[in-house]
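The values are calculated or read from the model by the stated rules, or taken from the named source; none is laboratory data. All of these numbers come straight from a predicted model, not from anything done at the bench. Cβ atoms come from the backbone with ideal geometry, glycine included; neighbour counts cover every protein chain shown. These area figures cover heavy atoms from the full protein model, side chains too; ligands, DNA and RNA do not enter into them. Shrake-Rupley method; radii C 1.70, N 1.55, O 1.52, S 1.80 Å.
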Amino acid sequence: VAALRFFLFFFVPCSPGSSYEVACMLSATEGNASEFERHFALLNGFYVDYAEELEASPREGTLRGLNLLCLLSQGRIDDFHAELERLTTEQLQADAIRFVVEIEQCVVEGSYRQVLRQRSNPPHPSYATFLDKLSHTVRDEIASCCEVAYESLSSKDAIELLGCANRAEFAEFAAARGWDAKGDSVSFARESTAPKRDKIPAEKTIKDVLHVARALDAIV
């Protein structure tokens, strides 16, 4: 964050609206969605109301993409699409906006592993915090699906499905979910009066899913 502050204040050219651009990036980096939205609302006035009077900012695509990501990270899909509809065809071609649109498509299609991979390849450092927030939401969704589908999984498969960086990160996540992670397996079973679920061949199913995922990665 400190390095980004230094870069923004000393290397972003000063122009009408640039102070709001800096404010947007800093509030996004700090994960403050409400502050980001307030600053972007003011910044958008420069982008829209003075489009003919002012030279286009080279950072407009990055900031508009960041605004879309902010909405997506909060699950505000209707607002996300409303913002997309306001953009011109040329604006939609910006790399940063295309990056966020592709992530939204992955979320809608349930391609959660792709969302987790995109976290390591943001178009700008200011995207990192909102990407992390979205990744946590996606990881929770994967976890909920595992709890419904399986009674237990191998730790290796669970780590790969959840996109955890290592066993320590997985152990922390499992503890937060109340999972019983011991040795090389993790159990999702709970004491419950609910009807017993039919047993699903977890090992075979998970291997099939991972095989398809790797095949898709190879194609991409």
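Determine whether segment 45-54 contains at least one residue that is modelled with pLDDT of 90 or more and of a type in the set (Asp, Glu). Looking for residues that are modelled with pLDDT of 90 or more and of a type in the set (Asp, Glu), one finds none in segment 45-54, hence no.
Of the set (1) out of contact with any Cys (no Cβ under 8 Å at 6 or more places or on another chain); (2) of a type outside the set (S, T, N, Q); (3) at pLDDT 70 or above; (4) under 23 Å from residue 91 (Cα atoms), all apply to residue 37 but (1). Counting only residues that are charged (D, E, K, R) and over 24 Å from residue 84 (Cβ atoms), segment 114-154 holds 4 of them.
Determine which single condition residue 31 fails, assuming it passes every other condition in (1) in a loop (DSSP other than H, G, I, E, B); (2) without any contact (Cβ under 8 Å) to a residue 40 or more places away in the chain. That leaves (2) as the condition not met. Of the residues that make up segment 121-141, is at least one more than 16 Å from the chain's Cα centre (by Cα) and open to solvent by 50 Å² or more (accessible area, probe 1.4 Å)? Checking segment 121-141: not a single residue is more than 16 Å from the chain's Cα centre (by Cα) and open to solvent by 50 Å² or more (accessible area, probe 1.4 Å).
Given the residues 97, 103, which is the only one that is at pLDDT below 95, out of contact with any strand residue (DSSP E or B) (no Cβ under 9 Å at 6 or more places or on another chain) and either under 16 Å from residue 134 (Cβ atoms) or open to solvent by less than 60 Å² (accessible area, probe 1.4 Å) (or both)?
Details: 97 fails: at pLDDT below 95.
Checking each option against the conditions leaves just 103.
The residues in segment 174-193 that are at pLDDT 90 or above and either charged (D, E, K, R) or open to solvent by less than 30 Å² (accessible area, probe 1.4 Å) (or both) can be counted, and the count is 5.
Considering only segment 119-133, how many residues are closer than 18 Å to residue 160 by Cα and in contact with a Leu (Cβ under 7 Å, 6 or more places away or on another chain)?
Qualifying residue count, segment 119-133: 1.
Inside segment 22-55, can you point out the residues that are β-branched (Val, Ile, Thr) and open to solvent by 40 Å² or more (accessible area, probe 1.4 Å)? Show your work before the answer.
Kept after step one, since they are β-branched (Val, Ile, Thr), are these residues of segment 22-55: 22, 29, 48.
Scanning segment 22-55 gives a single hit, 48.
Listed by first and then second residue, the pairs linking a residue in segment 56-82 that is surrounded by fewer than 15 Cβ atoms within 10 Å (Cβ to Cβ) to a residue that is part of a helix (DSSP H, G or I) and not hydrophobic (A, V, I, L, M, F, W, C), with Cβ atoms under 8 Å apart and 6 or more places separating them unless they lie on different chains, are 75/137; 77/104.
Just to be sure before I move on: is residue 113 farther than 15 Å from residue 28 by Cβ, in contact (Cβ under 8 Å) with a residue 60 or more places away in the chain and crowded, with 16+ Cβ neighbours inside 10 Å in the structure I sent?
Spelling it out, residue 113 is indeed farther than 15 Å from residue 28 by Cβ, in contact (Cβ under 8 Å) with a residue 60 or more places away in the chain and crowded, with 16+ Cβ neighbours inside 10 Å.
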